Structure formats: structure tokens, C-alpha cells
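What follows is one structure encoded as C-alpha cells, with my remarks underneath.
The values are calculated or read from the model by the stated rules, or taken from the named source; none is laboratory data. What you see is a predicted model; the values in this text were computed from it and never measured. Note: ideal-geometry Cβ built from the backbone for every residue, glycine included; neighbour counts use all protein chains shown.
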Amino acid sequence: MHVEVLQNLGLSPNEAKIYEALLTYGGSSVSTISLRAKVHRRNAYDSIHRLIEKGLVSEVFSEGETVYEAVEPAKLMELIKEKERKLDAILPQLQTSFRDTKAPQRAYIYKGVEGMKNYLREALRAGKDMYEFGAKGGWFDPRMKDFTEWFLDEAKKKKIKFHHIFDFEVKDQLPHVPKAVGKPYKFAPPVYSSKSAIEVYGDRVVTFTGLGIGTLDDDLTIFVIVSPELADSYRTWWQFMWDSIPEEKN
């Protein structure tokens, strides 16, 4: 119903009913509007004047009763854009407050394909190099295709470098993946393949369950730990694993 949509745009229930009634039946007096919108006359009067303040209703004066008319519905889009402008003006301050009040160490979970996208957006915001062990090309799941292309383009703009230690199977089954993410990368021995992976970037350690070669399980779970000290430790362990894998001969 239009009334429900109008309420979602910020109008009160009575305002939505009255505005729709005016659009449907045309200009009317308060008493007529009250009947058509099924809103008590006293409440109708107050709601009409709030709609006037919002620029959605205009008054037409005559010798008899005052008539109220709906303003062209495109005004609703103007109201939305005005709210967006107001939000844009204070958003930087809100984001600063959000970051400042975050605990220095915390943990949270993402689920599924959309969760994978959320974690990658965070990686872009961090703008730091990414280190992964047990990489399986999950970013290249068919459901991620458009997002992954966008992500890799944005990462390139931010000069984010990927350091991958892939599961051995990626080498034969997904040869295009290492080329897409770029060097440096190595392949772990087959005995160390698993259904999990570890990613480290900035102050975050990310672990996954539910990964396949180039695929993401529907119940994929992503555990994100925010801890600068822990992230530094994982990067040290990642380096140990990297150094333990011999360079491939061309």
C-alpha cells in the first residue's frame, strides 16, 4: 500500500493517510479530508499543518472553507535528498565517534557470501597489505564475480599488495586465480590442505570455515578478531610458513 511506503519515507501514519487521500481525491477541506483519510478531525488538522511544513501540502484560500491540496509527489524525492545531504554533512563526525568508541580488541562474526563481501570492504578501508595462508580462491566463487572484480580494482588503486600461500589444489584447478591476485604467492604442500584459511591485514586476524577450492559454502563462517598485537604475531607466523616453503623452479 502507498500509505506503508509513505510511512517508510518518514511520514507519520496520519500524514501518510492524508497525503494519499489528497492525491486520490484532490483538494479538500479539513472535514472532508478527515472523512476520506479516516483520521479524527483534530488529528487531521495537526497532520495537515505538519505536511505543510514539510512542503507536501499547500493551502488554497477562498471565501468559504480553506482547501488543502497535495504538492506534486516528486517533492518526496527532494525530501529524501535533503536528508541525505544532512547525513553527509555529519557522517565524518559520526564515523570518527564510532571508531573512537570501539574497543581496541574485540571479535565478531560474518556469515555467507554477503559476510565475505563485508570483510573485504573492511580490508579496503584498512588499506593495508593482506597475508593469507590456506588460500583457496574463495573470492572467485561465481556468486562473487562482479564484487571480486570491483574489489581487485579498488585494491589496486589503494596499492594493497596480496601475499598468498595457496592450497596446493589451486595450482592445477584454478591457475587463473594466482595471476589475478598477483605476486608474491606460493603453494603449500598437499598435506596441509584444509577447509579453512587465515587472513591478516592491519589490526585484524580473519579465520574462515566452509571454504572449497574456488567456492564458498552456504554456511561459510568468518571470524574477525581485532587486535594489533595478535595481528603482528600472525604476520610473524605467516612469514615463518612462507620462508619454510621453497621457491618453485621455473
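Identify all residues within the stretch 198-226 that are over 18 Å from residue 121 (Cα atoms) and touching a residue at least 40 places away in the same chain (Cβ under 8 Å); write none if there are none. Can you show your working first?
Looking only at the stretch 198-226, we keep the residues that are over 18 Å from residue 121 (Cα atoms), and these are 209-215, 217-219.
If the condition is that a residue be over 18 Å from residue 121 (Cα atoms) and touching a residue at least 40 places away in the same chain (Cβ under 8 Å), then 211, 212, 213, 214, 215, 218, 219 are the ones that fit.
Screening 133, 151 for residues that are assigned by TED's automatic domain parsing to the domain that holds residue 188, hydrophobic (A, V, I, L, M, F, W, C) and more than 19 Å from the chain's Cα centre (by Cα) leaves exactly one candidate, 133. Checking 159, 128, 102 one by one, the residue that is at pLDDT below 95, not β-branched (Val, Ile, Thr) and not in a helix (DSSP H, G or I) is 102 and no other.
Output the residue which, of all residues in the stretch 206-236 that are more than 20 Å from residue 166 (Cα to Cα) and acidic (Asp, Glu), is surrounded by the most Cβ atoms within 10 Å (Cβ to Cβ). Filtering first and then ranking leaves 232. The residue pairs whose first member lies in the stretch 168-190 and is in the same structural domain as residue 213 (by TED's automatic domain parsing), whose second member is surrounded by fewer than 18 Cβ atoms within 10 Å (Cβ to Cβ) and of a type in the set (S, T, N, Q), and whose beta carbons are closer than 7 Å, counting only pairs six or more residues apart or on different chains, are 168/193; 169/193. The residue that is farthest from the chain's Cα centre (by Cα), counting only those in the stretch 42-63 that are in a helix (DSSP H, G or I) and more than 15 Å from residue 6 (Cβ to Cβ), is 42. Filtered by the rule that a residue be more than 19 Å from residue 201 (Cβ to Cβ), surrounded by fewer than 18 Cβ atoms within 10 Å (Cβ to Cβ) and in contact with a strand residue (DSSP E or B) (Cβ under 8 Å, 6 or more places away or on another chain), the stretch 143-177 gives 143, 168, 171. For the stretch 1-41, the tally of residues that are of a type in the set (S, T, N, Q), in a helix (DSSP H, G or I) and closer than 17 Å to residue 79 by Cα stands at 2.
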